[in-house]
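Reviewing the structure listed below.
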Amino acid sequence: MNFLVFLRDEDLPLPKDSRTLLGTPRNIPTEEKCGGQYIYLGITSSVVNILKQNTAFLDNSNSVDLVVSIDGINIFKASPTQLWPIICTFSVFEPFVVAMYYGTSKPDSVNDYLADFLAEYTQLQENKIVVNGKEINVQIKAFVCDAPARAFVKCIKGHTGYYSCERCIVKGEYKNKRVVYLGDYPLRTDVAFANGLYNDHQLGVSPLLNVWINCVTGFPLDYMHLVCLGVVKRLLCFFKKGPPECRLSQGHLHEISTHLVSLSGKLPSEFAPQPRSLTELNWWKATEFRQFVLYTGPVVLKKVLHKDVYDHFLCLTVALSILLDSCERRRVAYMDFAEQLLSYFVAKCEAYIHSSFPGDCRNYQCSLNDICAFPFENHLQVLKRLVRNAKNPICQVTKRLIEQERAGSRPKETGKKSWHFVAENERNGCFLLHNEDFAFVKEKRDGRLLCDIISQNSLESFILCLATPSSLMWGLSETWTEYANTAGFLTCLILNVKWLVCHTVQDMCLCLYFIDLSGKYKKKITSRRNFDCFFYAKGHFNWGPPLKHLEKQLGQYIICFDGAIVRI
């Protein structure tokens, strides 16, 4: 039953049809253009709508830096029809649609496709937007597209061509059924591109040059397609079914899959996709590959890959972590280190294009998260879900967008939030404080959190005494001293529990040797995983998660983090 009809029975002044209530237009004017249907919605109306509902942004800024994305998506599985929207976003707000094309293939003319968009952008350069009496300057910051869309918009050769490299003046080499670019070559420049000097690279004159948009530095490389769906996916495919020299055994693959599945449901709520087995690798999405390279991969691959291969993988992980860091101070401080890591990674596997990422971060003075395709790919799926049937899909999408705008719904922000969900469970019960201390939630009481805090800032104060094996002659038997010297253990004297602890790393596991002060060997314990924690309670030594024992007297515990013995 229609809910509006039910409310009308209660003598409420409401229309019978929801389309009247939402102000859905009866007709959507479209035009035949570029070989299909085309509709232009505009930049100004969407920007003004967002700014009016977000006065905080309006108070702190007088400019809007647009990030533009152009891409196509298939609407139906059994049809070649495609929707090609022009999508924009700025700051932390969700993307909005500027124009849409619908047809059986991509637009046949890039000049006609971008004509309305570039015409309005030119007007915005001459006449600023006025919102609440304040003038707002609108600029295009970057174009974020995949390789086919970049080639279409820039009028250059596709990514399979010999002269298709967008950053360097180089002719590719055909190896193993693909074109690759090896070595370091001179970089392309915006001026030379605008003057049409790259005859082997350019197929025509891009309409973007008419509005002075840089076609080299104005198109950052997208790490979602190049790294997540490119390098990371290819590495996993090599591990699973690649050449014999890099293929992992079925036992190792099963171990990785089992470890990934065991993490499912245990990651914080900020991780939308939960880890899946490698048997489902063909169905992994870009977000899952991102999760693997940044978070789960370094954990599940340790002790499985050879150390050299594992260290090579960590180079990519650490470099991406630096380039994706939203903290500008840290990102700038470690930018050169990230570039060195990527150069080393590229030298070992010849993934040539990825060495350009640090340059993009420097050029745009932001992290890779601000110039990536993830928010746009998500919005494409939102647009696809607005289509209810096969009758005139472009009009259906337009009507739904107009309904949302007229309903006055507050524009949502993307995932860049300053708050996170916290609960009393393992999944959401641990978070990092601003001073880089760890907080473990014990209880939520009257709107407050009771937490156990583990500090990282003063680890040196926890280690009461450090010594070399040669300095431990006193109190130890001659046999043990000789053994300790031979093994080369790092030793640590913990005075408060009166135990001597020797530890080292053997076969990627942490080994602890406990001796009483008379020199008698007491016990050896080896961790199961490098992230296990050691605790001492009630006269016994055990491995296990410290969270279950933190409610006891903290002075009795010794916790091991990455080979360092610390006391809390």
Being surrounded by fewer than 18 Cβ atoms within 10 Å (Cβ to Cβ) and farther than 21 Å from Y101 by Cα is the filter here, so list the residues in the range 142-162 that pass it.
G158, H159, T160, G161, Y162
Which of the residues belonging to the range 340-392 are in the same structural domain as L323 (by TED's automatic domain parsing) and at positive phi?
E350, Q365
Of all residues in the range 240-292, count the ones that are aromatic (F, W, Y) and over 30 Å from L432 (Cβ atoms).
1
Which is at pLDDT 90 or above, out of contact with any Gly (no Cβ under 6 Å at 6 or more places or on another chain) and within 30 Å of G133 (Cβ to Cβ), of L58, L41?
L41
From the residues in the range 262-272 that are out of contact with any Pro (no Cβ under 7 Å at 6 or more places or on another chain) and surrounded by 15 or more Cβ atoms within 10 Å (Cβ to Cβ), which one is farthest from F239 (Cα to Cα)?
P268
Any chance T30 is assigned by TED's automatic domain parsing to the domain that holds C88, more than 35 Å from the chain's Cα centre (by Cα) and among the polar types (S, T, N, Q):
yes
Just to verify a result, which residue in the range 50-71, among those that are hydroxyl-bearing (S, T, Y) and surrounded by 15 or more Cβ atoms within 10 Å (Cβ to Cβ), is nearest to S91 (Cα to Cα)?
S61
Tell me whether the range 62-81 contains one or more residues that are touching a helix residue (DSSP H, G or I) at 6+ places or on another chain (Cβ under 7 Å) and within 19 Å of Q396 (Cβ to Cβ).
yes
Give the range 79-115 a look and list any residue that's β-branched (V, I, T) and part of a strand (DSSP E or B), or say none.
I86, I87, T89, V97, V98
Residue check: is L248 modelled with pLDDT of 95 or more and either part of a loop (DSSP other than H, G, I, E, B) or buried (at least 16 other Cβ atoms within 10 Å of the Cβ) (or both)?
no
Criterion (hydrophobic (A, V, I, L, M, F, W, C), outside the structural domain of V309 (by TED's automatic domain parsing), buried (at least 17 other Cβ atoms within 10 Å of the Cβ) and on the phi < 0 side of the Ramachandran plot) met by exactly one of L209, L253, L229, L235:
L209
Identity of the residue in the range 394-415, touching a Leu at 6+ places or on another chain (Cβ under 7 Å) and over 27 Å from Q82 (Cβ atoms), that ends up modelled with the lowest pLDDT:
A407
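The values are calculated or read from the model by the stated rules, or taken from the named source; none is laboratory data. Note that this is a predicted model, so its numbers are computed, not measured. Every residue, glycine among them, receives a Cβ derived from its backbone with ideal geometry; neighbour counts consider all protein chains shown.
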